[in-house]
Amino acid sequence: MVGLGYVGLVTAVTLAKKGNEVTCYDIDAAKLDMVARGDSPISEKGLEEELKAVLAAGKLSIVRSLADAVNDSEVVFICVGTPSKPDGSIDLSGIISVAQELGETLRVSDEHRTVVVKSSVVPGTTDKRICPVLEESSGKKCGDGFGVCVNPEFLREGSALEDGLHPDRIVIGLMNSEEGVVMQGLYDSFDCPKVVVDTKTAEMIKYVSNALLATKISFANEIANICDKLGIDVDNVMGAVGLDSRLNPKFLRAGLGFGGSCFPKDVSALAAVGREVGYEPKLLDAVLKLNDWQPTRAIQILKEEVGTLSGKRITILGLAFKPGTDDMRGSRAIPIIASLLDEGAKVIGFDPLASDNARKLFPDIDYAASVSEALEGSDACIIQTDDVIFAELDIKEFKVLGSGLVIDGRRVLAHKRGELESLGIIYRGIGVPKRA
Ligand code: UGA
């Protein structure tokens, strides 16, 4: 496993747990030290326990050079990041430098190895960008001396290990059938459909999966914004719409928009690919545009209820892009906090996991160690993640809010609206009808 980020580490532990011998390498020596000790560098349910277990069982080991990782292995997974560039396209510098070094290692080896591109790369990247580098640096032909295939990941943060062990499907993109045998063997014990296609189709499947999920969310948000104007509860609409057997109710939850390291980046990258090949991606652009706008809805509601925000103290409950992670990437808390600060408000944030990461982005706002501390002395609050701890709060806690306003950005307290209102609390949400 080359690259021990989110995908690499979870894939390594998953494959080790399935009984394979997994060797891990990363350029970050401190990360290797952590993993070797059994400490997970990322906060992910169950991962640290399973990492310790596979280390103890001798199924997972750490090596200090890429050559050692490759020499020990039949299959080499490339799991390095492909971050966004300002124009939305992806930065391939990390993956190209791994391919270069990997090729140099393959040059001096007689064994046939399968190189698996697990990093998300746009269609055509493996054939046109990665293979030529591997061929040039190894002095061998792709498919003869070494093989290459694409095997995208569909892990969700917060349930990555579970998703890794029980995937809905495994997609394998092949250049030749020899690699197909290796990959089918590797994934034999996984009880799910295996979809075997060519490399660029496999690359496309990854982006289209995320783009369609993001489109569902933006669609639900658009309908919520219209429902707001009409006094209709969007959940009642989407709940019924999702019962159509041609649709499904998942990812139709309206709210403050999608965040994370994947949806915003992958939709932008797919749109950039469209542009590159001469197609103006109207729908993908609209999905992103609405998502960028959606946090504004919370600020609008806030102003409607409390007037000017200058000097007001506003609590944000949930800072990460979703519950169960410390990941702030793409979090809707970022534009919300930035707007509040622009308006002259004071902000206090609470998150069970992400406060340290949030502090790196917003060092000058206040951070609370508990929900009650976050609400104390505040004028209003915005619930930014659908964390179960917010859903289970004792609603009397909200009575301390100066204006009594709770903006439920993820509908976590919808089931307690009546109770909240009986305490004099103003309950507002995205796509939640305002009381007359
Ligand atoms: C997403 C995909 O769900 C994974 O299948 C994929 O492998 C991963 O990206 C990736 O490409 O690596 P993840 O970023 O962990 O996984 O997050 P999700 O659970 O999908 O949620 C993304 C965002 O959408 C969150 O901000 C969440 O609050 C929001 N969301 C989700 C909604 O606003 N409404 C919904 O109905 C569902």
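The values are calculated or read from the model by the stated rules, or taken from the named source; none is laboratory data. Source: prediction; values computed, not measured. Quick reminder, even Gly has a Cβ in these numbers, built from the backbone with ideal geometry, and neighbours come from all protein chains shown. Surface accessibility is based on the protein's heavy atoms, side chains included, excluding ligands, DNA and RNA. Shrake-Rupley method; radii C 1.70, N 1.55, O 1.52, S 1.80 Å.
Observations
- Pairs linking a residue in the stretch 41-52 that is among the polar types (S, T, N, Q) to a residue that is part of a helix (DSSP H, G or I) and open to solvent by less than 50 Å² (accessible area, probe 1.4 Å), with Cβ atoms under 8 Å and 6 or more positions apart or on different chains, do not occur.
- Answer residue from the stretch 204-239, given it is more than 12 Å from the ligand (Cβ to nearest atom) and charged (D, E, K, R) and is nearest to the chain's Cα centre (by Cα) among those: E222
- Segments classed as helices (runs of 4 or more DSSP H), wholly inside the stretch 44-125, with at least 3 members that are crowded, with 18+ Cβ neighbours inside 10 Å and in contact with a helix residue (DSSP H, G or I) (Cβ under 8 Å, 6 or more places away or on another chain): 47-56, 93-107
- Single residue of the stretch 147-169 satisfying the filter (more than 9 Å from the ligand (Cβ to nearest atom) and closer than 14 Å to V7 by Cβ) that is most open to solvent (accessible area, probe 1.4 Å): P167
- Considering residues of the stretch 378-433 that are within 16 Å of the ligand (Cβ to nearest atom) and charged (D, E, K, R) only, the residue surrounded by the fewest Cβ atoms within 10 Å (Cβ to Cβ): D386
- Residue count, the stretch 296-341 (criterion: open to solvent by 20 Å² or more (accessible area, probe 1.4 Å) and of a type in the set (A, V, I, L, M, F, W, C)): 5
- Here E392 passes the criteria (1) under 18 Å from the mean Cα position of the chain (by Cα); (2) more than 24 Å from W293 (Cα to Cα); (3) of a type in the set (D, E, K, R) except the one numbered (1).
- For W293, the conditions (1) within 17 Å of L212 (Cα to Cα); (2) open to solvent by 70 Å² or more (accessible area, probe 1.4 Å) are fulfilled apart from (1).
- Selection from the stretch 399-416 of residues that are under 22 Å from G257 (Cα atoms) and outside any loop (DSSP other than H, G, I, E, B): L405, V406, I407, D408, A414, H415
- Among residues of the stretch 248-273 being outside any loop (DSSP other than H, G, I, E, B) and near the ligand (Cβ under 7 Å from one of its atoms), the one that is most open to solvent (accessible area, probe 1.4 Å) is F263.
- Residue match in the stretch 349-365 (condition: over 23 Å from E305 (Cα atoms), crowded, with 22+ Cβ neighbours inside 10 Å, in contact (Cβ under 8 Å) with a residue 40 or more places away in the chain and within 16 Å of the ligand (Cβ to nearest atom)): no
- Test: residue in the stretch 2-9 that is away from the ligand (no atom under 16 Å from the Cβ), of a type outside the set (S, T, N, Q) and modelled with pLDDT of 95 or more: yes
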